[in-house]
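Chemist: This is the structure, below, for whatever I ask next.
The values are calculated or read from the model by the stated rules, or taken from the named source; none is laboratory data. What you see is a predicted model; the values in this text were computed from it and never measured. Cβ atoms come from the backbone with ideal geometry, glycine included; neighbour counts cover every protein chain shown.
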2 protein chains.
Amino acid sequence: MPGTPEAGSVGVVSTQTVRLFTAESPLTLEQGGTLGPVDVAYETYGTLAPAADNAVFVCHALTGDAHAAGWHPGDPRPGWWDNLIGPGKPLDTDRFFVICANLIGGCQGSTGPSSTNPATGRAYGLDFPVLMTRDLVAVHRALVKHLGITRLLAAIGGSLGGMQVLQWGLDQPEDLANALVIAASSRLTAQNIAFSAVARRAIMSDPHFEAGGYAAAGVNPDVGLSIARMMAHITYLSEDALTEKFGRQVDPNRVQPGFGIDFTVESYLDHQGQVFLERFDALSYLYLTRVMDYFDPFAEPKILERVLVTPVNWLVLSFATDWRFGTNHSRRIVRTLEQAGQPVSFREIPSNYGHDSFLLAVEPYHATLVAYFDRALSEVSR
Amino acid sequence: MPGTPEAGSVGVVSTQTVRLFTAESPLTLEQGGTLGPVDVAYETYGTLAPAADNAVFVCHALTGDAHAAGWHPGDPRPGWWDNLIGPGKPLDTDRFFVICANLIGGCQGSTGPSSTNPATGRAYGLDFPVLMTRDLVAVHRALVKHLGITRLLAAIGGSLGGMQVLQWGLDQPEDLANALVIAASSRLTAQNIAFSAVARRAIMSDPHFEAGGYAAAGVNPDVGLSIARMMAHITYLSEDALTEKFGRQVDPNRVQPGFGIDFTVESYLDHQGQVFLERFDALSYLYLTRVMDYFDPFAEPKILERVLVTPVNWLVLSFATDWRFGTNHSRRIVRTLEQAGQPVSFREIPSNYGHDSFLLAVEPYHATLVAYFDRALSEVSR
């Protein structure tokens, strides 16, 4: 059970890297063209059962990485979903074999726009191909195959992670017994796209962006990337959560009113923007936000044909105060899947923390996942 | 009545400028220090009654100006509140004498941070003093006096305009028979401040900001200012309005998916950011957003003492889909005024257009104003 003394850590972990596609045998991309080599950084937690029937694939969100749980030596913080994954935790590593891989297009070990382009010997920059959600899933599937697994017990993800799970379940329902789509969307609204468009504008108009060639120029679009993060961060939190946390508190370091940091919420945002620079790449931000913009699987006329033949058990979760991908986004997914005769469970989780709730140990959320995974495992055992 | 054939235009108008404070007799500022000279650009529409009892002062919002109604020669668009102000319109210039002045700190004719600092002979830049809402009102009062008016029939404003009206009514209730506070707030939330903080960051980190000295350097922080505007513009519209207007429409000029303008909502935002550069100054954006951040009149223990003696008739309006200063902001104003025994009318106007509704000819909104102004004038006549 979450929060009980039994719940523990997966301990010290390390990221592995595998080449899943080569220059000679590249990944064929949804938009045309190919990508190769494709290296993928991933981590696993727990033990694969002899029948290989206890594997759960974790799809990460926009700025996540392969390090979902446990501790890297010297790192003061555990993986980004450590409250969820571990012995005795909702995604219980005493029972499940958990896989998490850095997305291609990302910047934490998998091939992305800052990787070396074999055609030029320099970083791809904006020559990196435009990716779609299907491309991300194609690489996940190659990793699963590499690990000797033919069918996952489940795939799970929040936000962009949930969008990968949705695409995967629709395209290859035979791959997944269960698909957990959390705080996600089946298509971004104009407002969602607008926020990302402004973030990209901030990055691309930073003079240090250098038309995507900043790495070769020895600079980084820090200003634009931090502005993008600050703005996005506002959309990840509910208005109430910001009010509770900061209200109108004046920053203790303020000398006099002016245009520095006067309110604690400004100090907080500034910090969020700065620490982001240490872990994220501007080009990855462009590529992966565009993946989200383009995502619109239900617009494809035949997208539901495969699940009509091979249903998947779906769990769709939203959070009450999420105004990025709120409950209306989840309801659309639920309605469409139900119309295709899918077994869908849906719950709107009460939580004050907005979109970021999917990353937090919100009690009714974790309780729902515990119950769901218990059932999922019992159905395998039958 | 709004929209009837009788409703007309105030015609061709021109902006006048008056020096209300001089270097020798400057404006004393709320935060300490003084400002002088203070020039104010203003327009008037209609005719002041012999008893000078039909004057309505219009307070503009963050990026407004003195040109609220009518036409400037050669300008393809009328004033920003032309749908409201004119013969036969809700603010009927056949009956009312309407005054609108550009805010100090602004950039359309009134003294602001890009005006010449008499101490240096160059633009103030960041040496311009930090302003508070009371300073804006002090200048409005000086203009009213200059025009020979001792008491206004009403002051009206939306957003930052409504905040000026609130401050004015609380501080000098004897100045106003009626105070119309529309889509405003008595204190910004952490989320409100956060959005403005990111906008200011975009402006101030533009290399062409030059620590506020961009004018002298012959440059302009166009990139930062347009990013600020694009982001703010998202918050002015409801999510539904953006969806209705743009949805997920692909821009007709898109060649292929990438990082240009792929969706029409991106094209729209880009346009908004670009046209804003032609009419607004980056330093004014900093100063006037900070005025809003600092606004918190009800935090002053004795703020309600004056209206207890001299009540004002208050009309408070919010718009159902406004998520910048939504109905909860208006309700707080209403509650606090009612506790001080003020006669307050409140209405939440159904409108799909978010915060921007206060600028639009939304039928129930204009109808409410027509009825309110009819009553206000009839009470004068009694």
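Chemist: Just name the residue that is farthest from A:Ala215 (Cα to Cα) out of those in segment A:104-115 that are of a type in the set (Ser, Thr, Tyr) and in contact with a strand residue (DSSP E or B) (Cβ under 6 Å, 6 or more places away or on another chain).
Modeler: Checked segment A:104-115; the qualifying residue farthest from A:Ala215 (Cα to Cα) is A:Ser110.
Chemist: Output the residues belonging to segment A:118-132 that are surrounded by fewer than 24 Cβ atoms within 10 Å (Cβ to Cβ) and either part of a helix (DSSP H, G or I) or not hydroxyl-bearing (Ser, Thr, Tyr) (or both).
Modeler: Of segment A:118-132, the ones surrounded by fewer than 24 Cβ atoms within 10 Å (Cβ to Cβ) are A:118-130, A:132.
Selection gives A:Pro118, A:Ala119, A:Gly121, A:Arg122, A:Ala123, A:Gly125, A:Leu126, A:Asp127, A:Phe128, A:Pro129, A:Val130, A:Met132.
Chemist: Could you please find all residues in segment B:146-165 being closer than 19 Å to B:Gly106 by Cβ and buried (at least 24 other Cβ atoms within 10 Å of the Cβ)?
Modeler: B:Ala155, B:Ile156, B:Gly157, B:Gly158, B:Ser159, B:Leu160, B:Gly161, B:Gly162, B:Met163, B:Gln164, B:Val165
Chemist: Identify, from the list B:Gln172, B:Gln164, the residue that is of a type in the set (S, T, N, Q) and within 14 Å of B:Ile99 (Cβ to Cβ). First the steps, then the outcome.
Modeler: Working: B:Gln172 fails: within 14 Å of B:Ile99 (Cβ to Cβ).
B:Gln164 is the lone residue from the list that is of a type in the set (S, T, N, Q) and within 14 Å of B:Ile99 (Cβ to Cβ).
Chemist: Answer yes if at least one residue in segment A:166-185 is farther than 30 Å from A:Lys145 by Cα and assigned to a loop (DSSP other than H, G, I, E, B), and no otherwise.
Modeler: Within segment A:166-185, none of the residues are farther than 30 Å from A:Lys145 by Cα and assigned to a loop (DSSP other than H, G, I, E, B).
Chemist: Among the candidates B:Pro90, B:Pro78, B:Pro50, which residue alone is out of contact with any helix residue (DSSP H, G or I) (no Cβ under 8 Å at 6 or more places or on another chain) and in contact (Cβ under 8 Å) with a residue 60 or more places away in the chain?
Modeler: B:Pro78
Chemist: Out of (1) in contact (Cβ under 8 Å) with a residue 60 or more places away in the chain; (2) of a type outside the set (D, E, K, R); (3) touching a helix residue (DSSP H, G or I) at 6+ places or on another chain (Cβ under 7 Å), what's the single condition that is false for A:Pro257?
Modeler: (1)
Chemist: Going by what's in this entry, would A:Phe97 be described as modelled with pLDDT of 95 or more, of a type in the set (Phe, Trp, Tyr) and closer than 23 Å to A:Ala51 by Cβ?
Modeler: Yes, satisfied.
Chemist: Taking the stated definitions as given, is A:Arg19 more than 24 Å from A:Thr120 (Cβ to Cβ) and of a type in the set (Lys, Arg)?
Modeler: On the way: more than 24 Å from A:Thr120 (Cβ to Cβ): no; of a type in the set (Lys, Arg): yes.
Against the criterion (more than 24 Å from A:Thr120 (Cβ to Cβ) and of a type in the set (Lys, Arg)), A:Arg19 does not qualify.
One line per residue, one yes/no per condition, for (1) in contact with a Pro (Cβ under 9 Å, 6 or more places away or on another chain); (2) under 30 Å from B:Phe346 (Cβ atoms); (3) outside the structural domain of B:His355 (by TED's automatic domain parsing):
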| position | (1), (2), (3) |
| --- | --- |
| B:Leu180 | no, yes, no |
| B:Ala184 | no, yes, no |
| B:Arg200 | no, no, yes |
| B:Phe209 | yes, no, yes |
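Chemist: If the Cβ limit is 9 Å and pairs must be 6+ apart or interchain, which residue in segment B:106-134 that is more than 14 Å from chain A (Cβ to nearest Cβ) and without any contact (Cβ under 8 Å) to a residue 12 or more places away in the chain pairs with which residue that is among the aliphatic types (A, V, I, L, M) and not in a loop (DSSP other than H, G, I, E, B)?
Modeler: B:Thr116/B:Ala123; B:Asn117/B:Ala123
Chemist: Being crowded, with 17+ Cβ neighbours inside 10 Å and not aromatic (Phe, Trp, Tyr): is that true of A:Asp281 here?
Modeler: Spelling it out, A:Asp281 is indeed crowded, with 17+ Cβ neighbours inside 10 Å and not aromatic (Phe, Trp, Tyr).
Chemist: Considering only residues of segment A:2-25 that are closer than 19 Å to A:Arg77 by Cα and aliphatic (A, V, I, L, M), which is modelled with the lowest pLDDT?
Modeler: A:Ala7
Chemist: For a quick check of your reading: which helices (runs of 4 or more DSSP H) sit entirely within segment B:186-247 and have at least 2 residues that are facing chain A (nearest Cβ under 7 Å), crowded, with 24+ Cβ neighbours inside 10 Å and modelled with pLDDT of 95 or more?
Modeler: Output list reads B:190-204, B:222-236.
Chemist: Which one is farthest from the chain's Cα centre (by Cα), of the residues in segment A:154-173 that are closer than 13 Å to A:Leu369 by Cβ and among the aliphatic types (A, V, I, L, M)?
Modeler: Here the residue is A:Ala154.
Chemist: Do we have any residue at all in segment A:311-334 that's of a type in the set (Asp, Glu) and more than 30 Å from A:Tyr214 (Cβ to Cβ)?
Modeler: Yes: segment A:311-334 contains one or more residues that are of a type in the set (Asp, Glu) and more than 30 Å from A:Tyr214 (Cβ to Cβ).
Chemist: While we're looking at this one, here's another question. Among the candidates B:Gly105, B:Gly11, single out the residue that is of a type outside the set (D, E, K, R) and outside the structural domain of B:Ala361 (by TED's automatic domain parsing).
Modeler: Exactly one of B:Gly105, B:Gly11 is of a type outside the set (D, E, K, R) and outside the structural domain of B:Ala361 (by TED's automatic domain parsing), namely B:Gly11.
Chemist: Another question, then. Could you check segment B:333-373 and list, in sequence order, the residues that are under 18 Å from B:Gly157 (Cα atoms), without any contact (Cβ under 8 Å) to a residue 24 or more places away in the chain and of a type outside the set (A, V, I, L, M, F, W, C)?
Modeler: B:Pro364
Chemist: The conditions are (1) out of contact with any helix residue (DSSP H, G or I) (no Cβ under 6 Å at 6 or more places or on another chain); (2) without any contact (Cβ under 8 Å) to a residue 40 or more places away in the chain; (3) more than 27 Å from A:Asn102 (Cβ to Cβ), and A:Val275 fails exactly one of them. Which is it?
Modeler: (3)
Chemist: Then there's this: Of everything in segment A:334-348, what is over 22 Å from A:Val370 (Cβ atoms) and under 22 Å from the mean Cα position of the chain (by Cα)? Give them in sequence order. Outline the logic, then answer.
Modeler: Quick first cut of segment A:334-348, residues over 22 Å from A:Val370 (Cβ atoms) only: A:335-342.
Residue satisfying the conditions is A:Leu337 alone.
Chemist: Which helices (runs of 4 or more DSSP H) sit wholly inside segment B:298-382 and have at least 3 residues that are out of contact with any Gly (no Cβ under 8 Å at 6 or more places or on another chain) and at pLDDT below 95?
Modeler: B:363-381
Chemist: Now, a different point. For B:Gly258, which of the numbered conditions (1) under 23 Å from A:Phe209 (Cα atoms); (2) surrounded by fewer than 16 Cβ atoms within 10 Å (Cβ to Cβ); (3) more than 11 Å from chain A (Cβ to nearest Cβ) fails to hold?
Modeler: (3)
Residues are listed down the side, and each one gets a yes or a no for (1) surrounded by 15 or more Cβ atoms within 10 Å (Cβ to Cβ); (2) basic (Lys, Arg); (3) within 21 Å of B:Val56 (Cα to Cα):
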site	(1), (2), (3)
B:Thr336	yes, no, no
B:Gly341	no, no, no
B:Val344	yes, no, yes
B:Glu348	yes, no, no
B:Tyr353	yes, no, no
B:His366	yes, no, yes
B:Asp374	no, no, yes
